[in-house]
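A.B. asks: Please read through the structure below; I'll follow up with questions.
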Amino acid sequence: MADRPKPTGREVTFGDDEIIVSKTDLRGRITYVNDVFMKIAGYNEAELLGQPHSIIRHPDMPRCVFKLLWDTIQAKQEIFAYVLNMTAKGDGYWVLAHVTPSYNDAGEIISYHSNRRKPSGTAVEKARGLYRDLLAIEKSPDSRKDGMTAAVDKLFEILAQKGVSYDEFVLSL
């Protein structure tokens, strides 16, 4: 895969009736993408299959949200999250992601599935502010690990103050 694009500062959007779908293996490598995913992200299927899903990760997206996401789905739970992704050209696009584990007959997780819809503008603005704050916390210590731990702690502090789970918080935005 070529070098990752640099963010352009532009944002693209997609239709209210469009759903972005992808599936990954247990390591987060893409095994399926739908046409909407390819159209919005600006990659073709051959460029995406086998790549880490982070190929579309926008650098303005705090890592602590992905840690929460991975911890949740690996614990056999679903999660909703607002995510800022990045196209092949470096444009950003916001989604409301619903990520779930997929199971075999023995009840073991065999893959992950994500449907992403167009979020409301109000929710994006609230998420953007929170993520800006979390990203600043992540970048403040000398250690990336310490920064992410501090940002996760801050996120859980916010949730505790509001008395809600992450999903409840996300869906209230």
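A short reminder: the numbers here are calculations on the coordinates, not readings from a lab. Please read all numbers here as calculations on a predicted model, not as lab measurements. Please note: Cβ atoms are built from the backbone with ideal geometry, for glycine as well, and neighbour counts cover all protein chains shown.
A.B. asks: In region 49-106, if every C-alpha pair distance is counted and binned at 10 Å from zero, what percent goes to each bin?
C.D. replies: With 10 Å bins starting at 0, P(r) equals 21, 49, 25, 5, 0.
A.B. asks: Multiplying the sequence separation of Leu171 and Arg57 by 0.36 nm and subtracting their Cα-Cα distance, what value in nm do you get?
C.D. replies: Numbers: separation 114, 0.36 × 114 = 41.04 nm, distance 2.16 nm.
Gain in length upon complete extension: 38.9 nm.
A.B. asks: If you don't mind, there's one more thing I want to ask. Quick one: among Gly107, Gly42, Gly121, which has the greatest mean-square fluctuation in a GNM of the chain with alpha-carbon springs under 10 angstrom?
C.D. replies: Comparing Gly107, Gly42, Gly121 in the GNM, the peak value goes to Gly107.
A.B. asks: What are the ³J(HN,Hα) couplings of region 155-167, residue after residue, when phi is run through the Karplus curve with 6.51, -1.76, 1.60 and θ = phi - 60°? Round to Hz, x for glycine and proline.
C.D. replies: Using θ = phi - 60°, the values come out as 4, 5, 5, 4, 4, 5, 4, 8, x, 9, 7, 4, 4 Hz.
A.B. asks: Hey, another quick one. Can you pull out the trypsin sites (Lys or Arg not before Pro) in region 1-49 that DSSP calls coil and that have at most 16 other Cβ atoms within 10 Å? Each step should come with its number before you reach the end.
C.D. replies: Details: sites: Arg10, Lys23, Arg27, Arg29, Lys39; in loops: Arg10, Arg27.
Taking region 1-49 and a limit of 16 other Cβ atoms within 10 Å, the loop trypsin sites (Lys or Arg not before Pro) found are Arg10, Arg27.
A.B. asks: Rounded to the nearest 500, what is the 222 nm mean residue ellipticity of the chain from helices alone, with -39500 (n - 2.57) per DSSP H run of 4+ residues and division by all residues? Before the final figure, lay out each step's value.
C.D. replies: Details: 6 runs with 68 residues, N = 173.
Using -39500 (n - 2.57) per qualifying helix, the result is -12000 deg cm²/dmol.
A.B. asks: Determine one quarter of the surface area of the Cα convex hull of the chain, which equals its mean projected area, and express it in nm² to one decimal. It would help to have the intermediate numbers written out before the result.
C.D. replies: Working: hull surface 42.4 nm².
Result: 10.6 nm².
A.B. asks: Applying the Karplus parametrisation 6.51 cos²θ - 1.76 cosθ + 1.60 with θ = phi - 60° to the phi angles of region 54-62, what ³J(HN,Hα) value in whole Hz is obtained for each residue in order, glycine and proline being reported as x?
C.D. replies: Coupling constants for region 54-62: 5, 4, 9, 6, 8, x, 7, 8, x Hz.
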